[in-house]
Amino acid sequence: MSLAGAKDAARKAAFAHRKPLFENANAAQAGYLSEVLAGYRGVPLSGFMPIRTEIDPVPAMAEASAHGPVGVPVIVAADTPLRFAQWTPDAAMAAGAFGALIPQDPVFFEPEIVIVPLLSFDRAGGRLGYGGGFYDRTLEMLRAKRATLAIGFAFAGQETNDIPLEGTDQPLDLIVTERGVIEVTRS
């Protein structure tokens, strides 16, 4: 099977695996993420507005917004890096690409911390996303300019040992789940 075929099969399995994790989630799912972000108060960061069955980072984003700029990703066009629009809990929002909410009147900035959604992850910082390459292009661009911390945020049950990776896949620096923080160990 080709790498693309392996990734497609892994995505399909990961979506099916994530659904019951989402359905059984509780309101405290962002607690550990809040703890991690408290150590970076004031550092510009981007979270994400959850879609489908993604874990919800919004409570942690709301806490962080009291201390510094928080944003959400905006898809500008296919095959381009994401842009990040400043967000606050009371921001007027509209549907963006793929149904994710974005601020109606975006003010763009560059984050130094990016909270990354995913379908599955491994402890070496590997991440399986949706296949558009948006986060990989974006992290590559941001990391070329300055140190940029990529925090994968997912349900603990999304961990796997078998992620098909390509050379363009950008690694996560840290993974946070509803059960705790996973330090990335690259071999």
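The values are calculated or read from the model by the stated rules, or taken from the named source; none is laboratory data. This structure is a prediction, so every number in the text was calculated from the model and none was measured. Counting neighbours? That spans all protein chains shown, and the Cβs are built from the backbone with ideal geometry, glycine included.
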Pairs with Cβ under 7 Å, 6+ apart, first in segment 148-168 and within 23 Å of residue 47 (Cα to Cα), second among the basic types (Lys, Arg): 152/127; 155/18; 156/179; 158/18
Segment 127-139, residues that are outside any helix (DSSP H, G or I) and either in contact (Cβ under 8 Å) with a residue 60 or more places away in the chain or crowded, with 22+ Cβ neighbours inside 10 Å (or both): 127, 128, 130, 131
Single match in 55, 51 (criterion: modelled with pLDDT under 95, closer than 16 Å to residue 154 by Cβ and under 12 Å from the mean Cα position of the chain (by Cα)): 51
Answer residue from segment 1-53, given it is assigned to a loop (DSSP other than H, G, I, E, B) and among the aromatic types (Phe, Trp, Tyr) and is surrounded by the most Cβ atoms within 10 Å (Cβ to Cβ) among those: 48
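Keeping to segment 172-187, report how many residues are in a loop (DSSP other than H, G, I, E, B) and buried (at least 16 other Cβ atoms within 10 Å of the Cβ).
4
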Residue within segment 21-29 that is of a type in the set (D, E, K, R) and either in contact with a helix residue (DSSP H, G or I) (Cβ under 6 Å, 6 or more places away or on another chain) or over 24 Å from residue 132 (Cα atoms) (or both) present: yes
Subset of segment 64-77 [of a type outside the set (Val, Ile, Thr) and either under 18 Å from residue 117 (Cβ atoms) or in contact with a strand residue (DSSP E or B) (Cβ under 9 Å, 6 or more places away or on another chain) (or both)]: 64, 65, 68, 69, 71, 73
Any hit, segment 140-158, residues being hydroxyl-bearing (Ser, Thr, Tyr), within 16 Å of residue 10 (Cβ to Cβ) and part of a loop (DSSP other than H, G, I, E, B): no
Scan of segment 54-71 for residues that are surrounded by fewer than 17 Cβ atoms within 10 Å (Cβ to Cβ) and of a type in the set (S, T, N, Q), ordered by number: none
